[in-house]
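Single-structure report; data block below.
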Amino acid sequence: MRVTKPESGEVLREEFNRWAEAGRGEGMEQEHLPITLPVLEKMQLAPADNVLDVGCGAGWLSRRLAKLVPQGRVVGMDVSDEMIRRARRASVDFENLIFVTGEVEEIPWEPNFFSHVISVESAYYWPDSVAGIREIFRVLKPGGSAWILINYYRDNPHAHQWGGLLAVETHLLSAAEWSERFRAAGFGNVQPERVRDHSRTPEVYTGRWFRDAAELRAFKAEGALLVHGAKEGKA
């Protein structure tokens, strides 16, 4: 049974539409690429794979994925229709890439289609992560795998303050809690691990997410949480 408020998706859509209009979608690649590149290597994508990018924003990761699966298909999905509009405008040269508006709790796609599902820095916004992971399991083909990468999780205390700085509700879960959601949805070989950010840290930090550069360095040393699992069976 879902326990979220009916308006949760609309609140997220409005907030991330504001992010899109402020140009924040285009800046996500620079922020998240250092932790995403190691995950793409681990996924071992084949040229004909079909990949779903959940919470695709302005499409930076979807475009990178489309280059890695030239004979397959990439679907970028986001709750924000403005993010999707911007993603489409920036991706007109990609024939194997489409974007759809949707919520992870009700993915607008057929069952058993995708070889891989990836979500980068999106899952802690999902109103109902249990339902979302079940939906990811549904759209994966047997033998497919899911990959969730997040910086905001309980085991990294240097990110806990983010919840109070955001205009939408967030869900601060531990690696064990995310792993249990994967197993409850039917995933096997569930493996949480850390992906550390080795990018350069400025000597002086002036942003709003950390107290100072020392806290930023400590946050990056803890690493992002990667949880992945497989839908067992033969494709």
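A short reminder: the numbers here are calculations on the coordinates, not readings from a lab. Small disclaimer: the values here were computed from a predicted structure and weren't measured. All Cβ positions, glycine included, derive from the backbone under ideal geometry; neighbour counts span all protein chains shown.
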Query raised in the report: Would you pick out the residues in segment 202-235 that are hydrophobic (A, V, I, L, M, F, W, C), out of contact with any Lys or Arg (no Cβ under 7 Å at 6 or more places or on another chain) and in a loop (DSSP other than H, G, I, E, B)?
Result: Val204, Trp209, Phe210
Query raised in the report: Could you give every pair whose Cβ atoms fall below 7 Å, whose first residue belongs to segment 142-163 and is under 29 Å from His116 (Cα atoms), and whose second residue is among the β-branched types (Val, Ile, Thr) and part of a helix (DSSP H, G or I), counting only separations of at least 6 or pairs across chains?
Result: Ala146/Ile136; Trp147/Val39; Leu149/Ile35; Leu149/Thr36; Leu149/Val39
Query raised in the report: Among all residue pairs at least 6 apart or on different chains, which show Cβ distances below 6 Å where the first residue, located in segment 9-24, is in contact (Cβ under 8 Å) with a residue 60 or more places away in the chain and the second is among the basic types (Lys, Arg)?
Result: Ala20/Arg86
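The rows are residues; the columns are (1) under 20 Å from the mean Cα position of the chain (by Cα); (2) of a type in the set (Phe, Trp, Tyr); (3) surrounded by 17 or more Cβ atoms within 10 Å (Cβ to Cβ); (4) outside any loop (DSSP other than H, G, I, E, B).
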| position | (1), (2), (3), (4) |
| --- | --- |
| Trp178 | yes, yes, yes, yes |
| Arg181 | yes, no, yes, yes |
| Asp197 | yes, no, yes, no |
| Arg200 | no, no, no, no |
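Do you know which of the residues in segment 137-171 that are of a type in the set (A, V, I, L, M) and within 15 Å of the chain's Cα centre (by Cα) is surrounded by the most Cβ atoms within 10 Å (Cβ to Cβ)? Break it down stepwise before answering.
Pass one, segment 137-171, residues of a type in the set (A, V, I, L, M): 139-140, 146, 148-150, 159, 165-168.
Those still in the list that are within 15 Å of the chain's Cα centre (by Cα) too: 146, 148-150.
Numbers: Ala146: 25, Ile148: 29, Leu149: 21, Ile150: 22.
Among those that are of a type in the set (A, V, I, L, M) and within 15 Å of the chain's Cα centre (by Cα), it is Ile148.
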Query raised in the report: Going through segment 122-134 one residue at a time, which ones are charged (D, E, K, R) and either crowded, with 21+ Cβ neighbours inside 10 Å or part of a loop (DSSP other than H, G, I, E, B) (or both)?
Result: Asp128
